[in-house]
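These notes concern the structure reproduced below.
Throughout, read-outs are computed from the coordinates displayed, never taken from laboratory work. This one's a predicted model, so the numbers in the text were calculated from it and none came from an experiment. Note that we place each Cβ from the backbone using ideal geometry, even for glycine, and neighbour counts take in every protein chain shown.
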Amino acid sequence: MGLDEKCDRVLLLMMMEEHAAKLSQKQIVALLSLNEKFLDLQQRYDQTWLNGVFTQRILLPTNPFTVAAHYALKRETALRVFLENPEVPIDTNHIERQIRPVAIGRKNWLFCWTEIGAHYAGIANSLIATCRLHDVDPYEYLVDVLQRVDTHPAFEVHRLTPRLWKQEFSATPLKSDLDPRKIQ
C-alpha cells in the first residue's frame, strides 16, 4: 500500500468524521458497525507500514516526515483511540478553539501575582471551557455548584462536573439572589 493510498484512507476517515458530527450517537454507532471501509482501515492502518517506509527510504533525521513518523510511532496507542471509540473525535480542533482565549491572554496571565493564583485561574478557565464544550451556561453552572458544594456528598463530587451536572442538575439549578442578569 503506497503513501497516496494511505493518505486517501486518512482523508476518508476525516470525511466520515465530518459526516458523523451531524448524526446522533445511535446513528454513529450504527454507521461504524456497518461501515466496512472504516473497519478495514482500522485493521490495515498499522505500524508495519510506517516501519516499512523507514526501511525503504533513507531520510535525514531532520526531515519533517521523519520527525512526524517518529512522533506517530512513539504515540501509536494514543493516536489509535479514535479508531476504537466512536465518541473520540479524530482531531482536537474543538478543544483548541476552547483554549484559544487562554493562549491569546497568555501575557495577561503573567500578572497573576502568585503561582497559586495562576493555578486557580487555570482551573477556572478550564471549568468555563468545559462548560462551553458541553453547552452549559458557565455562570449558571458556577452559581449552582458553589451553592451545592457545601451540602453535596464528597464521594459523589464527580456529579458536579459540567457534563454530569448538565444531566442531573441543569433542569433545576440553584439561583443567586444577586444575579446581575436580572438587574436592569
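What does the extension gain come out to for Gln167 and Asp179, with contour length at 0.36 nm per residue minus their alpha carbon separation?
Stretched fully, the Gln167-Asp179 segment lengthens by 2.0 nm.
Please arrange His152, His94 by counting, for each residue, the other beta carbons lying within 10 Å of its beta carbon, fewest first.
Lowest count first: His94, His152.
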Size descriptor, Kirkwood hydrodynamic radius, that averages inverse alpha-carbon separations across segment 63-172, Å: 17.0
Rounded Å value of the spacing that divides the Cα centres of segment 54-133 and segment 137-168: 26
Listed peptides 62-71, 135-144 by packing density, highest first (mean Cβ within 10 Å): 135-144, 62-71
Relative contact order for segment 93-168, counting Cα pairs under 8 Å that sit 6 or more residues apart, in percent: 28
